[in-house]
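Structure first, then comments.
The values are calculated or read from the model by the stated rules, or taken from the named source; none is laboratory data. No experiment lies behind these values; they were computed from the predicted model shown. Positions of Cβ are backbone-derived with ideal geometry, glycine not excepted, and every protein chain shown enters the neighbour counts. With ligands, DNA and RNA removed, areas are computed over all heavy atoms of the protein, side chains included. Shrake-Rupley method; radii C 1.70, N 1.55, O 1.52, S 1.80 Å.
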Amino acid sequence: MRIEGRAKVTGNAKYAYEYPAENVAYAFAVTSDVARGEVLSVRAPELPGLIAVLSCMDPPDIAPVPDAELHLFQSRTVSYRGQIIAAVVAETLETAREAGRLLEIEYAPDDMDVELDPDHPGLYQPEKVNGGFAPESGSGEPADAFAESPVRVDVTYATPAEYNNAMEPHATLAEWTAPDRLVVHDSNQGSVVVRDTLAKIFGLDPEQVRVVSPHVGGGFGSKGTPRPVPVLAALAARAAGRPVKLAVTRQQMFATVGYRTPTVQRVRLGADPDGRLRAVLHESVAQTSRIREFAEQAAVAARHMYRTPNLYTGHRVVRLDVPSPSWMRAPGETPGMYALESAMDELACAAGIDPIELRVRNEPETDPDTGLPFSSRNLVACLREGADRFGWAHRDPRPGVRREGRTLVGTGVAAATYPAMTMPAKARVRAEEDGTFTVSIAAADIGTGARTVLTGVAAETLKAEPDAVTVRIGESDLPRAPLAGGSMGTASWGHAVVRACEALLAKLGDGLPQEAEADTADELKNRPQYARHAFGAHFAETAVDLDTGEIRVRRLLGVYAAGRILNPQTARSQFLGGMTMGAGMALMERGVLDLEFGDYLNHDLAQYHVPVCADVPDIDAAWIEEADPHLNAMGAKGIGEIGIVGVAAAIGNAVHHATGVRFRELPLTPPAVLPALAAHGVTA
């Protein structure tokens, strides 16, 4: 059971918007109706209860930060439809929403450019892609080697815009307790980064800002970096002179808090007749906004996956009049491995080799990108274990031959990888005379069970019962720690907690109470160089209805090599959650672009479908025992994101095995599948 389980199910766990505040007012964000242009005027309505209106007509005094999305109301330029261009503050939420509706905004609209085109003349190579990676990498002569390869695959895949859709919307309660003291209760993935950002924007020292976030209802990356919500709440509270609550609506989340950019990816694989790769070329095209550059690193995973003497990866982006894309669960690896692992399946078919055997034959001894040894790499073990559990040996490799009435059934496999990062963190542990311990660290629990896992880590190190340990997280005043993102949270926080507990144990002989702290920065800086990654394998069985084109995932299995699993229950939840999101990516999630108005039409959960339990009736996750001494004090890798990586490819490969038809654009919805089946003569 999770530490905070009782508090959550009884409603006692408070989320940002639920905190009480005396004399609180309510803000409502007003967003742009045009995709490109300029705000000419903003006229406030005559409405009882309206306290303040904020807009570019009277720019508030704030300092710029690198993310221009946070520099609210400093320009009249509209960069995309749905951009926050004004806000109202009122006595009640209802009044605020009505005032927002009545706000009169005059625009000078301009021609918009919102559609991603792989031949767009505005495409350019960014200086860096997300994660700080170089946009381009290469070795050997990949183009020549590909042209000379006996077996070749040259294919292009497309993925759509996808949305994080955390259960709890982005929400903030902001209060200026003094002219230079700001307290915010905020829904985020890292209280420290929100604190530091707000301090810069409002010209304060970090110690003058306090961010409180003990419980967060999901984020999936959208709350990893500060979005405009806490900034706007603080601005509104300053304007109103009283505490202000602000929560964006579900519809507003689709434009204001980030999403996964659509991609167009060309993959070229050249191989010998026995399937051994001669060349891998992976090129990705994505979009970004005009106000903030975000370059999805879709081709980076290809740098680490397979042995080849000739490798090229490249990225280009184009600035469009669209909302700013950002992190969504496993950014880069999720769309990139969909393309690479789909192409590997096509290569297996072209070479007449089992897709698992193809991957095994191309297993590298060292990291193909850096030449470094892997701290551990058990992808082959995942493939073998998954094959045994899934019954792969009984699979007929011929596509389109397994028919059950008016349904075709197939199975597919895909590999997964995600970086295993451990970032510097600080932690403090205190031992009391009554035998209890308190662990303090500015970690975040976004629904993953971090509080429970850290309790177990501390209890194990202290050789104490978990009931004797209290873990304090979710406040920026606690010892500094990285955010919950990039699958680095538990690995980083747990490492610091272990070191603090070890330091405390060394002091217990001096009597109680005692307190100890740890800072892992120097230790991590000086550790040996390794390529550190988690790996996994996904297996899918799909059934394709020949009358409707509907695809059902009958079975989904993930097997992972992610270091030491610290808590089997929370780990399993993480894996299954990622796999379920992967199924959504494969079968239903897609932002539908409106070329008339320039935004995405299906911006609510009635039209933007996400998978539910009934969509994957048989889903399972397993892991191999992996001892990796080169990671951190626990030997653990992050597990929050590898569960989604490769799932869409496994499902797509299974659909090809079922039907013999290759689909290269997601999602695989009935309107896309049925005509293609008919075009290939695949009928009931």
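For the reader, a short list of remarks on this structure follows.
- Matching residues, region 626-644, being touching a Lys or Arg at 6+ places or on another chain (Cβ under 8 Å), closer than 17 Å to Phe575 by Cβ and part of a loop (DSSP other than H, G, I, E, B): Glu626, Lys637, Gly640, Glu641, Ile644
- If you go through region 429-445 and keep only what is in a loop (DSSP other than H, G, I, E, B), aliphatic (A, V, I, L, M) and in contact with a Ser or Thr (Cβ under 9 Å, 6 or more places away or on another chain), you end up with Ala442, Ala443, Ala444.
- Residue match in region 414-435 (condition: surrounded by 20 or more Cβ atoms within 10 Å (Cβ to Cβ), in contact (Cβ under 8 Å) with a residue 24 or more places away in the chain and of a type in the set (Lys, Arg)): yes
- Candidate set from region 160-184 (those that are in a strand (DSSP E or B), in contact (Cβ under 8 Å) with a residue 40 or more places away in the chain and open to solvent by 10 Å² or more (accessible area, probe 1.4 Å)); member that is nearest to Asp445 (Cα to Cα): Glu175
- Positions within region 648-663 being buried (at least 18 other Cβ atoms within 10 Å of the Cβ) and not β-branched (Val, Ile, Thr), in sequence order: Ala648, Ala649, Ala650, Gly652, Asn653, Ala654, His656, His657, Ala658, Gly660, Phe663
- Residues located in region 612-647, provided they are among the aliphatic types (A, V, I, L, M), at pLDDT 95 or above and open to solvent by 20 Å² or more (accessible area, probe 1.4 Å): Ile619, Ile624, Ala633, Ile639
- Qualifying residue in region 504-524 (condition: free of Cβ contacts under 8 Å to residues at least 12 places away in the same chain, over 30 Å from Asp434 (Cβ atoms) and either surrounded by fewer than 24 Cβ atoms within 10 Å (Cβ to Cβ) or not polar (S, T, N, Q) (or both)): yes
- Counting only residues that are closer than 21 Å to Ala158 by Cα, open to solvent by less than 20 Å² (accessible area, probe 1.4 Å) and in a strand (DSSP E or B), region 271-318 holds 14 of them.
- Within region 555-592, if we keep just the residues that are of a type in the set (Val, Ile, Thr) and touching a strand residue (DSSP E or B) at 6+ places or on another chain (Cβ under 8 Å), the residue that is surrounded by the most Cβ atoms within 10 Å (Cβ to Cβ) turns out to be Val559.
- Checking Arg195 against (1) in contact with a strand residue (DSSP E or B) (Cβ under 7 Å, 6 or more places away or on another chain); (2) touching a residue at least 60 places away in the same chain (Cβ under 8 Å); (3) surrounded by fewer than 23 Cβ atoms within 10 Å (Cβ to Cβ), the condition it does not meet: (3)
- Residue among Ala63, Ala96, Ala87 that alone is under 28 Å from Leu601 (Cβ atoms) and either aromatic (Phe, Trp, Tyr) or touching a helix residue (DSSP H, G or I) at 6+ places or on another chain (Cβ under 6 Å) (or both): Ala87
- Condition met for Ala21 (crowded, with 21+ Cβ neighbours inside 10 Å and of a type in the set (Gly, Ala, Ser)): no
- For region 325-365, the set of residues classified as among the polar types (S, T, N, Q) and within 27 Å of the chain's Cα centre (by Cα) consists of Ser326, Thr334, Ser342, listed by residue number.
- Test: Arg250 is buried (at least 24 other Cβ atoms within 10 Å of the Cβ), closer than 18 Å to Val592 by Cα and either in contact with a Pro (Cβ under 6 Å, 6 or more places away or on another chain) or not small (Gly, Ala, Ser) (or both): no
- Subset of region 355-383 [within 17 Å of Glu341 (Cα to Cα), of a type in the set (D, E, K, R) and buried (at least 16 other Cβ atoms within 10 Å of the Cβ)]: Arg359, Arg361
- Only a single item in (1) farther than 16 Å from Phe535 by Cβ; (2) in contact with a helix residue (DSSP H, G or I) (Cβ under 7 Å, 6 or more places away or on another chain); (3) in a loop (DSSP other than H, G, I, E, B); (4) of a type outside the set (Lys, Arg) is not met by Ala348, and it is number (3).
- Set side by side, the residues Ala44, Ala29, Ala52, Ala16 differ, and just one is in contact with an Asp or Glu (Cβ under 7 Å, 6 or more places away or on another chain) and closer than 20 Å to Arg97 by Cβ, which is Ala16.
- Residues in region 11-32 that are over 12 Å from Ile85 (Cα atoms) and part of a strand (DSSP E or B) were compared, and the one that is nearest to the chain's Cα centre (by Cα) is Ala27.
- Counted residues, region 436-448 - those being surrounded by 18 or more Cβ atoms within 10 Å (Cβ to Cβ) and β-branched (Val, Ile, Thr): 4
- Comparison of Glu475, Glu404 shows that the only residue that is open to solvent by 10 Å² or more (accessible area, probe 1.4 Å), farther than 30 Å from Ala627 by Cβ and not assigned by the TED database to the domain that holds Ala516 is Glu404.
- Checking each residue in region 49-63 for being out of contact with any strand residue (DSSP E or B) (no Cβ under 9 Å at 6 or more places or on another chain) and either outside any loop (DSSP other than H, G, I, E, B) or not charged (D, E, K, R) (or both) picks out Pro59, Ile62, Ala63.
- Selection status of Lys8, open to solvent by 50 Å² or more (accessible area, probe 1.4 Å), outside any loop (DSSP other than H, G, I, E, B), under 30 Å from Thr448 (Cβ atoms) and touching a residue at least 60 places away in the same chain (Cβ under 8 Å): yes
Yes/no matrix, rows are residues, columns are (1) under 31 Å from the mean Cα position of the chain (by Cα); (2) acidic (Asp, Glu):
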| position | (1), (2) |
| --- | --- |
| Val34 | yes, no |
| Pro60 | no, no |
| Asp67 | yes, yes |
| Thr77 | yes, no |
| Ile84 | yes, no |
| Ala87 | yes, no |
| Ala90 | no, no |
| Arg101 | no, no |
| Ala108 | no, no |
